[in-house]
Structure formats: structure tokens, C-alpha cells
Amino acid sequence: AKTHVLFVAGPPSHGWGEHEHPAGSALLATALTNSSPDFTAEVSEGWPTDPRLLDRADTLVMYGDGLEHHVARGHLPELRRYVGQGRGLVVLHWALESGLGELGDFFLDHLGGRFEVDWSVNPMWTLEDPTIVPHPVTSGVNPFSLYEEFYFHLRFHDDACPVLTAHPPADTLGDSDGPRSGNPTIRCALAEGRPQTLAFAFEKAGARAFGCTGGHFHRSWADDDFRKLILNAIVWTAGRDVPAAGIASSVDPIPQHETIEKAIALGDLADVQRQVAAHPDRLQAGTHPSLTPLHQAILRKKTEIACWLAEQGADVDRPDGSARSALHLAVERNDVRVL
């Protein structure tokens with residue numbers, strides 16, 4: 001029998017490349033089903049209107065905004081009935097902030113943790129050399145470095161099991177306290193070197209649950225180890241065995257910048273390469289009406305990028321809006337390598 005996974009995704013909310021919940025859910029669903037043929041996955045944008053989707057799910061993944069925009073807001077009876085049948089639950093990033101009240105109590109009792117204002121914090125910071133705690137969800141996961149909005153100092157159930165911990169630098173909190181930016185308790189914890197939990201597993205009455213505070217940036221899903229952690233967790237919460245090496249998967253390149261023009265302007269050759277790999281048509285044309293990516297790389301004197309584009313087959317004879325070819329522009333810029 002197939003194992004069914006249901007992703008409930010909130011709408012995108014933070015602009016390009018951030019909080020892209022439907023796209024992130026679709027990416028994870030595809031990565032899982034491509035690597036594990038005995039799994040099927042569906043993505044519902046918002047709480048499913050067809051109750052059969054939830055009825056056949058072996059595990060439910062909630063990935064969206066929190067508080068009043070939470071995908072489970074107003075659906076607590078269905079959620080209670082679902083977990084009461086011993087089925088799995090995964091909650092990612094801002095969806096961990098359920099707020100206080102009945103939904104917050106449910107998260108603490110059945111997920112094992114929640115984000116709580118005036119206690120938890122959500123800075124942007126670079127995770128370096130985290131501790132990978134032995135657990136089925138960390139099978140095959142190696143320490144990784146990732147710039148993310150990893151929340152920490154969550155409120156936890158006593159039986160929650162940390163699986164990914166780290167020591168965030170104290171300067172991630174800034175100088176002033178706020179509802180989500182800092183408080184005396186977390187500052188004391190960081191000063192004393194207490195590790196902070198970024199992902200956790202939880203079991204209650206046969207039901208398995210998992211929470212992870214990362215997932216702000218869509219490009220984070222390109223990290224093989226971070227993605228493996230989440231896929232492992234989906235498999236484990238569904239009641240299935242995680243392979244010793246974890247769930248291996250691959251995804252298409254994920255650009256870091258919205259356009260190839262921005263990548264060129266920043267001199268980011270690696271992202272230009274990702275842009276072309278993900279969208280081959282961008283080798284010949286970007287969003288500018290008359291300047292090709294090759295034109296722009298030459299004009300901005302991004303020589304490495306211009307040479308790479310030409311080597312990949314960018315049209316060197318195509319004129320810009322002033323009838324100048326790449327050769328003309330290279331002469332104007334005195335760029336001998338491009339010439």
C-alpha cells in the first residue's frame with residue numbers, strides 16, 4: 001500500500017524567494033515521491049476543502065504563516081480527530097507560531113513545541129556546524145552551514161526530543177529586546193552557552209510529530225542535508241522506517257536572486273549558472289527589453305560572467321537597442337578577455 005503525505009501550504013507572503021509555501025511544499029513532495037516510489041504526496045493550498053485528503057493522509061505537513069493566518073486556524077476539531085487516530089504531523093517555520101489558546105495548547109501537547117512571543121526569537125543568522133542528535137530523522141544528515149531565519153528558544157513539552165541544536169552567536173539578537181527579538185532569559189541562555197533546539201521530534205500515544213524552525217528562504221531547500229532532515233521526518237512521522245543513509249533526493253537548481261540581471265549586477269557567477277540551469281532561456285534573454293544578459297555582463301565589466309555566458313552559447317551577434325553587438329560593447333569597455 002502507498003503511504004500518503006498531505007502538505008497544507010499557506011499562501012506566499014514575503015515576496016520572491018521567501019515564505020514560498022506552495023512552491024516549497026511542491027518541491028518537497030516531488031523530492032520525496034521521486035526518491036521513494038512507495039509514497040504519494042498531495043499539496044493543498046490552504047486547509048483542504050475535500051475531507052478525503054485528510055482522511056487518507058498518513059502524515060500531515062503544515063507549512064505556512066502563523067497566528068491569525070495559520071492554516072489550521074478554525075480547524076482544531078479536524079486536527080484533534082486526525083492525530084487521535086495515531087497519524088503523523090510535521091510543522092515547519094512560522095507555522096510553529098500557533099499563538100496561545102486552544103491551538104497553542106494543542107501544539108504543545110501533540111507536536112511537542114511552539115514559538116511563543118516574549119520567549120522565542122526569530123533572527124536571521126548563519127547556522128554553522130550544528131549538532132546532529134542521533135535519531136531516525138537525522139539518519140544520514142551531516143552538519144551543514146545555512147543562512148536562515150532559524151527560530152530558537154521555543155516552548156517545549158518535557159518529552160520533546162531535540163534532533164538539531166546549535167549555539168547561535170549572541171550578536172544575532174541585536175542590542176534591544178522585543179516580543180520576538182530578544183529577552184533576558186534567552187540572552188542569559190546564550191551567554192551561558194546553552195544549546196538551542198532548531199528541530200525536534202515528539203511521540204505521544206503512538207502518534208509521531210516533528211517541528212523545524214527553518215524554511216524561510218525557498219533556496220534553503222537546495223541544501224541536501226537540510227532537505228534530507230525534513231524528508232526523513234516526513235517518512236518517520238508517517239510510521240515508516242527511515243533508511244540508514246536517510247532519504248536521498250535531488251532538486252532542480254534554485255536561484256538565489258529573482259532575476260539573472262540582479263545576479264550579474266552583484267557579480268554572482270554561481271547564481272548566473274543556477275539561473276541558466278533552472279531557466280535555459282535566460283542564456284539569451286532576461287527581463288531587460290533590449291540588453292541580453294551577455295550585454296549587461298560586459299557593460300558592468302563582470303568579465304568572468306561575460307566569458308561564461310559566451311562559452312555557453314550566448315548570441316554574440318545579437319544587437320542591443322543601439323545596434324551594438326557584444327563585440328562593440330567589449331571594445332567600449334576595453335575588456336580584452338571578452339574580446
(message) Quick test for you: out of HIS19, HIS70, pick the one residue that is open to solvent by less than 50 Å² (accessible area, probe 1.4 Å) and at positive phi.
(response) HIS19
(request) Please tell me if GLY64 is in contact (Cβ under 8 Å) with a residue 24 or more places away in the chain, open to solvent by less than 20 Å² (accessible area, probe 1.4 Å) and within 27 Å of HIS257 (Cα to Cα). (result) yes
(request) Those residues that are surrounded by 18 or more Cβ atoms within 10 Å (Cβ to Cβ), in a loop (DSSP other than H, G, I, E, B) and out of contact with any helix residue (DSSP H, G or I) (no Cβ under 8 Å at 6 or more places or on another chain), I need them from the stretch 147-169; list them, please. (result) PHE150, ALA160
(request) Name every residue in the stretch 192-215 that is hydroxyl-bearing (Ser, Thr, Tyr) and either farther than 10 Å from VAL91 by Cα or at pLDDT below 95 (or both), in order of residue number. (result) THR197
(request) For TRP119, indicate whether it is surrounded by fewer than 21 Cβ atoms within 10 Å (Cβ to Cβ) and in contact with a helix residue (DSSP H, G or I) (Cβ under 9 Å, 6 or more places away or on another chain). (result) yes
(request) Filter the stretch 110-123 down to residues that are in contact (Cβ under 8 Å) with a residue 40 or more places away in the chain, touching a Gly at 6+ places or on another chain (Cβ under 8 Å) and assigned to a loop (DSSP other than H, G, I, E, B) and give me whichever is nearest to GLU149 (Cα to Cα). (result) PRO123
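Results for (1) surrounded by 15 or more Cβ atoms within 10 Å (Cβ to Cβ); (2) in contact with a helix residue (DSSP H, G or I) (Cβ under 7 Å, 6 or more places away or on another chain); (3) among the acidic types (Asp, Glu), shown as yes or no for each residue.
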position: HIS110; (1), (2), (3): yes, yes, no
position: ARG114; (1), (2), (3): yes, yes, no
position: THR126; (1), (2), (3): no, no, no
position: ILE132; (1), (2), (3): yes, yes, no
position: PRO136; (1), (2), (3): yes, yes, no
position: ASP171; (1), (2), (3): no, no, yes
position: PRO184; (1), (2), (3): no, no, no
position: LYS204; (1), (2), (3): yes, yes, no
position: HIS218; (1), (2), (3): yes, yes, no
(request) Scan the stretch 166-184 residue by residue and report those that are under 12 Å from SER120 (Cβ atoms) and hydroxyl-bearing (Ser, Thr, Tyr). (result) SER181
(request) Name the single residue, out of those in the stretch 240-271 being open to solvent by 30 Å² or more (accessible area, probe 1.4 Å) and of a type in the set (D, E, K, R), that is nearest to HIS14 (Cα to Cα). (result) GLU258
(request) Among the residues of the stretch 272-307, count how many are part of a helix (DSSP H, G or I), surrounded by fewer than 24 Cβ atoms within 10 Å (Cβ to Cβ) and polar (S, T, N, Q). (result) 3
(request) Take the residues in the stretch 86-101 that are at pLDDT below 95 and out of contact with any strand residue (DSSP E or B) (no Cβ under 6 Å at 6 or more places or on another chain), then tell me which one is surrounded by the most Cβ atoms within 10 Å (Cβ to Cβ). (result) GLY99
(request) Tell me which residues, restricted to the stretch 189-243, are part of a helix (DSSP H, G or I) and either under 11 Å from the mean Cα position of the chain (by Cα) or closer than 21 Å to LEU108 by Cα (or both). (result) HIS218, ARG219, SER220, TRP221, ALA222, PHE226, ARG227, ILE230, ALA233, ILE234, TRP236, THR237
(request) State yes or no: is ALA222 at pLDDT 95 or above, open to solvent by 50 Å² or more (accessible area, probe 1.4 Å) and more than 17 Å from TRP119 (Cα to Cα)? (result) no
(request) Output yes when any residue across the stretch 309-318 is modelled with pLDDT of 95 or more, open to solvent by 40 Å² or more (accessible area, probe 1.4 Å) and not in a loop (DSSP other than H, G, I, E, B), and no when none is. (result) yes
(request) From PHE107, PHE144, grab the single residue that is part of a helix (DSSP H, G or I), of a type in the set (Phe, Trp, Tyr) and out of contact with any Cys (no Cβ under 9 Å at 6 or more places or on another chain). (result) PHE107
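The values are calculated or read from the model by the stated rules, or taken from the named source; none is laboratory data. It should be emphasised that the depicted structure is a prediction, and the values quoted were computed from it without experimental measurement. Virtual Cβ from ideal backbone geometry, glycine too; neighbours counted across all protein chains shown. Only protein heavy atoms, including side chains, enter the accessible area calculation; ligands, DNA and RNA are left aside. Shrake-Rupley method; radii C 1.70, N 1.55, O 1.52, S 1.80 Å.
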